[in-house]
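**Q** Below are the structure tokens for one structure; questions will follow.
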């Protein structure tokens with residue numbers, strides 16, 4: 001049986017986060033020497049650190065929160081496609097790919113090469129592409145990028161259009177060694193009751 005492949009960013013001090021967002025930190029707040037039996041750690045991080053999902057509440061005050069997401073979206077068959085060297089992800093880029101009947105679509109761009117440094121720009125998802133994705137059955141869109149929109153966007157048109165078409169978002173994947181094809185995906189969010197997003201441990205297994 002094929003082994004699971006970890007496609008998550010390691011969580012470590014100094015890792016790249018959205019400019020101005022909470023830096024990641026971990027410390028042993030209750031060490032073995034004090035407790036007499038265990039080390040207990042403390043985390044501080046943004047809900048959008050590293051590999052993570054966006055809940056609609058992230059960009060819409062009326063949107064659903066993490067606890068209300070259908071966890072079945074984040075487990076199951078997925079298709080990985082490769083779009084190297086693109087400046088955008090739109091209908092023109094997606095049409096040549098076989099995505100009909102794909103529920104979970106993962107796009108490898110190789111654009112964000114050094115995950116320790118936040119990128120200056122990314123290939124963004126054109127809002128019109130959301131309609132094409134929905135027509136083909138896509139419900140979850142995953143990318144090796146920190147966002148589906150341009151990094152300086154305040155309107156977030158791709159986020160809103162994807163949500164309008166019932167497509168959820170998985171960002172910050174590590175796909176450098178992942179070939180195109182059919183896989184099983186598991187990328188479960190934490191059950192954060194008021195959450196606008198959640199880090200995930202994302203893994204793939206070749207079908």
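**Q** With n ≥ 4 as the cut-off for DSSP H runs, can you work out [θ] at 222 nm for the chain, using -39500 (n - 2.57) per run divided by the number of residues, rounded to the nearest 500? It would help to have the intermediate numbers written out before the result.
**A** Numbers: 4 runs with 25 residues, N = 207.
For the chain, the value works out to -3000 deg cm²/dmol.
**Q** So if I take the centroid of the Cα atoms in the stretch 74-116 and the same for the stretch 1-35, what is the distance between those two points in Å?
**A** Cα centroid to Cα centroid, the span is 26 Å.
**Q** Rounded to two decimal places and with Rh computed the Kirkwood way over Cα pairs, what is Rg over Rh for the stretch 6-95? Walk me through the numbers before you get to the answer.
**A** On the way: Rg = 18.7 Å, Rh = 17.2 Å.
We get a ratio of 1.09 for the stretch 6-95.
**Q** Order these peptides, 14-26, 140-152, 47-59, 79-91, by their mean beta-carbon neighbour count within 10 angstrom, highest first. Working shown, then result.
**A** Details: 14-26: 13.3, 140-152: 21.2, 47-59: 22.9, 79-91: 16.0.
Those peptides, ordered most packed to least, come out 47-59, 140-152, 79-91, 14-26.
**Q** I want the antiparallel fraction of DSSP beta bridges within the chain, as a percent rounded to 5. Before the final figure, lay out the partial values.
**A** Working: 24 of 38 bridges.
Expressed as a percentage, antiparallel bridges in the chain total about 65.
**Q** What does the extension gain come out to for residue 194 and residue 100, with contour length at 0.36 nm per residue minus their alpha carbon separation?
**A** Numbers: separation 94, 0.36 × 94 = 33.84 nm, distance 3.41 nm.
Net length gain for the segment: 30.4 nm.
**Q** Figure the gain on full extension for residue 30 and residue 176 (residue separation times 0.36 nm, minus the Cα-Cα span) and round it to one decimal in nm.
**A** Details: separation 146, 0.36 × 146 = 52.56 nm, distance 3.71 nm.
Full extension of this stretch gives 48.9 nm more.
**Q** Got the relative contact order for the chain handy, in percent, Cα pairs under 8 Å and 6 or more residues apart?
**A** Numbers: 464 pairs, mean separation 63.9, N = 207.
Across the chain, relative contact order equals 31 percent.
**Q** Ok, one more. In Å and on Cα atoms, what radius of gyration and Dmax does the stretch 5-206 show?
**A** 17.2, 61
**Q** Please identify which residues in the stretch 183-199 have an amide N closer than 12 Å to a label point set 7 Å out from the Cα of residue 75, following the Cα→Cβ vector.
**A** Answer for the stretch 183-199: 185-189.
**Q** Assuming R0 = 30 Å, can you tell me the calculated FRET efficiency for the pair residue 37 and residue 184, based on Cβ-Cβ distance, to the nearest 0.05?
**A** 0.20
**Q** Counting other beta carbons within 10 Å of each Cβ, put 161, 45, 1 in order, fewest first. It would help to have the intermediate numbers written out before the result.
**A** Numbers: 161 21, 45 18, 1 5.
Going from sparsest to densest Cβ surroundings: 1, 45, 161.
**Q** Could you calculate the FRET efficiency of residue 154 with residue 206 from 1/(1 + (r/R0)^6), where r is the beta carbon distance between them and R0 is 35 Å, rounded to 0.05? Walk me through the intermediate numbers first.
**A** Numbers: r = 39 Å, r/R0 = 1.13.
Taking R0 as 35 Å, the efficiency between residue 154 and residue 206 is 0.35.
Every number in this text was worked out from the coordinates using simple rules, so none of it is lab data. Since the structure is predicted, the reported quantities are computational estimates derived from the model, not experimental observations. Glycine gets a Cβ as well: all are built from the backbone with ideal geometry, and neighbour counts include every protein chain shown.
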